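Structure first, then comments.
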Amino acid sequence: MEDYQALVNKQKQFFRSGKTKEMTYRLDALEKLRNGIREKEESLLHALKADLNKSEFEAYTAEIGVLLEEIRFTIKNLRVWMQPEKVKTPMTHLGSASYIYSEPYGTALIISPWNYPFQLAIAPLIGAIAAGNCAVIKPSELTPRTSEVLGDLISEMFPEEYISVVQGGVETSQALLGEKWDYIFFTGSVPVGKVIMEAAAKHLTPVTLELGGKSPCIVHEDANLKLAAKRTAWGKFMNAGQTCVAPDYLYLHRKIKEEFLRYFQEATEELYGAEPLKNLNYTRIVSEKHFRRLRSFMNNGDIFMGGKVNEEGLAIEPTVLTNITWEDPVMQDEIFGPILPVMEYEQLSEVIEGIHQHPNPLALYIFSESKTTQQEVLNQVSFGGGCVNDTLYHLASPYLPFGGVGNSGMGAYHGKGSFDTFSHKKGVLKQTTRFDIPFRYPNVKDGLKKIKLFLK
Ligand code: NAD
């Protein structure tokens with residue numbers, strides 16, 4: 001196992017120089033990152049095509065455009081975010097003023113997955129830079145071409161004592177985790193999330209864990225079915241279902257099940273054609289292992305649509321399975337592929353109960369025209385974040401925190417949330433020296449009586 005101590009020490013030393021805390025340095029770094037992304041656009045599109053057969057449209061939208069927008073938003077707001085926040089001071093502290101300072105942690109380790117291999121490495125980095133940290137990124141080994149472009153971009157733009165990319169798989173990740181970081185930001189699966197937290201605990205390093213899980217999509221009897229079908233098909237089959245917040249399974253009200261599925265089939269055909277496996281822009285499955293795991297679900301329930309695969313190209317048709325129950329293998333873990341199991345219900349309470357029996361989802365989607373129904377679900381189910389009458393879109397707003405709860409993770413980011421995630425909030429009281437209120441001192445006459453007037 002390689003030793004990364006030298007790299008970490010170099011970064012710690014650079015951090016102590018104070019350079020990364022300067023606002024101009026942070027803004028300059030964000031600007032460089034933006035230019036670097038623009039310069040590498042072509043190579044990134046090629047790499048994403050080679051690694052996952054991502055179409056240019058999907059790759060630009062979900063991996064490049066979204067980051068440029070995040071950088072723009074961060075640059076625009078950074079000056080304000082960096083200001084110490086003046087907060088109220090209680091009467092007992094007369095004469096003083098209170099502030100919250102946002103201070104960078106120091107050196108951050110960012111470990112990212114393969115499904116959006118560029119976006120999920122750079123989005124946290126934007127927060128790390130904005131907050132004034134140094135960072136090391138360990139991208140996914142399963143998308144080697146994208147990880148290579150990412151590595152080139154970072155080494156061309158930044159000195160390694162500031163930001164560096166370390167390439168490698170599980171062993172590299174574990175060697176990095178052996179070092180003492182000031183912050184660890186991990187995006188990936190639930191089991192590995194546990195490994196990360198255990199490693200972080202040894203050094204009492206704070207963590208953000210962006211994990212996964214089974215995200216339900218509920219379509220109620222009063223939903224706008226055609227639109228619901230289109231938005232669900234879009235959210236499910238983008239990146240061939242390899243999206244952490246993709247609808248994992250459908251809960252359809254019994255009354256509208258048939259009609260909804262008809263619209264769903266039409267919508268999928270509109271998006272990917274009658275033969276998606278022949279569509280050159282349809283994303284493939286990342287590895288043979290994942291492909292085999294997904295294919296094994298095909299005999300669960302009945303195939304309503306899809307079901308065909310291209311073994312050589314590792315592609316799986318958009319597939320819908322009906323007659324599914326919680327006992328089927330496809331319902332045991334996050335699917336992470338273009339297979340959509342359907343369960344039906346009559347009462348909303350059955351849905352809520354079903355979800356409650358399982359770990360907190362990362363996302364939840366409810367399609368209904370009724371505010372009462374929407375509210376019932378929002379009030380009763382705990383999930384990371386989600387949408388009413390849409391899928392995935394909550395993720396693209398810099399004003400909404402994005403993260404999980406319970407098994408789907410801890411902490412959140414995007415927009416100011418990213419800056420806050422990578423900042424320690426330091427509370428500071430600035431006291432006056434013009435006078436000194438005596439009540440706190442033990443030798444004051446009737447001290448207890450007086451202090452009780454304030455602390456009651
Ligand atoms: P993964 O957990 O297998 O790997 C993620 C990263 O951890 C990779 O860089 C990998 O090299 C490293 N890693 C793997 N095993 C490790 C170990 N034992 N010790 C230390 N490091 C290890 O996840 P993945 O397969 O790359 O990605 C898919 C998962 O990520 C899904 O569960 C998905 O839901 C989740 N995900 C979550 C989000 C989110 O924002 N919440 C986004 C995308 C993906």
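Values in this text are rule-based calculations from the coordinates and carry no lab data. Predicted model only: the values in this text are computed from it and were never measured. Don't worry about glycine lacking a Cβ; one is built from the backbone with ideal geometry, like all the others, and counts go over all protein chains shown.
Hey, quick one: spin label on residue 274, modelled 7 Å out along Cα-Cβ, who in segment 292-324 has an amide N within reach, i.e. under 17 Å? Only 305-308, 318 fall inside the zone, counting backbone N under 17 Å. Summarising the strand pairing of the chain, around 35 percent of its internal DSSP beta bridges are antiparallel.
Can you tell me how the chain classifies by the Cα gyration tensor, rounded, prolate or oblate, using a/c under 1.5 as the rounded cut? Cα axes put the chain in the oblate bin.
From the square roots a ≥ b ≥ c of the eigenvalues of the alpha-carbon gyration tensor of segment 216-393, which class results: rounded (a/c under 1.5), prolate (a/b over b/c), or oblate? The shape class here is prolate. Extension gain, residue 353-residue 302: 0.36 nm per intervening residue step, less the Cα-Cα distance, totals 15.9 nm. Between residue 61 and residue 226, the simple spin-label model (points 7 angstrom out along Cα→Cβ) gives 2.0 nm.
Cα centroid separation, segment 94-109 to segment 262-340: 49 Å. Bridges between two residues of segment 216-393, per DSSP, are antiparallel at a rate of about 20%.
Cross-link partners of residue 425 among lysines, defined as those whose alpha carbon lies under 17 angstrom from its own and excluding same-chain residues fewer than eight positions apart: 21, 86, 88, 416. A Förster radius of 25 Å combined with the Cβ-Cβ distance from residue 312 to residue 46 puts the calculated FRET efficiency at roughly 0.75. Between residue 87 and residue 180, what FRET efficiency comes out of the Förster formula 1/(1 + (r/R0)^6) with R0 = 35 Å and r the beta carbon distance, rounded to 0.05? With a Förster radius of 35 Å, E is 0.65. A straight chain from residue 380 to residue 400 at 0.36 nm per residue would run longer than the Cα-Cα distance by 5.2 nm. Amide H contacts for residue 308 (H built 1.01 Å from N in the peptide plane; partners 5 or more residues away or on another chain; cut-off under 5 Å): 317. Of the trypsin sites (Lys or Arg not before Pro) in segment 371-445, which ones lie in a loop per DSSP and count no more than 11 other C-beta atoms within 10 Å? Here the sparse-neighbourhood loop sites are 434, 445. When 211, 67, 455 are sorted by how many other C-beta atoms sit within 10 angstrom of their C-beta, beginning with the fewest, the order is 455, 67, 211. Relative to the longest principal axis of the Cα atoms of the chain, the long axis of helix 225-237 lies at roughly 70 degrees. Put simply, the amide H of residue 364, placed in the peptide plane, has neighbours under 5 Å in 385, 386, 387, leaving out anything fewer than 5 places away on its chain.
Converting phi to 3J(HN,Hα) with the Karplus coefficients 6.51, -1.76 and 1.60 and the offset θ = phi - 60°, segment 18-35 yields x, 4, 5, 7, 5, 4, 5, 5, 5, 5, 4, 5, 5, 4, 4, 4, 4, 4 Hz in sequence order, with x at every glycine or proline.
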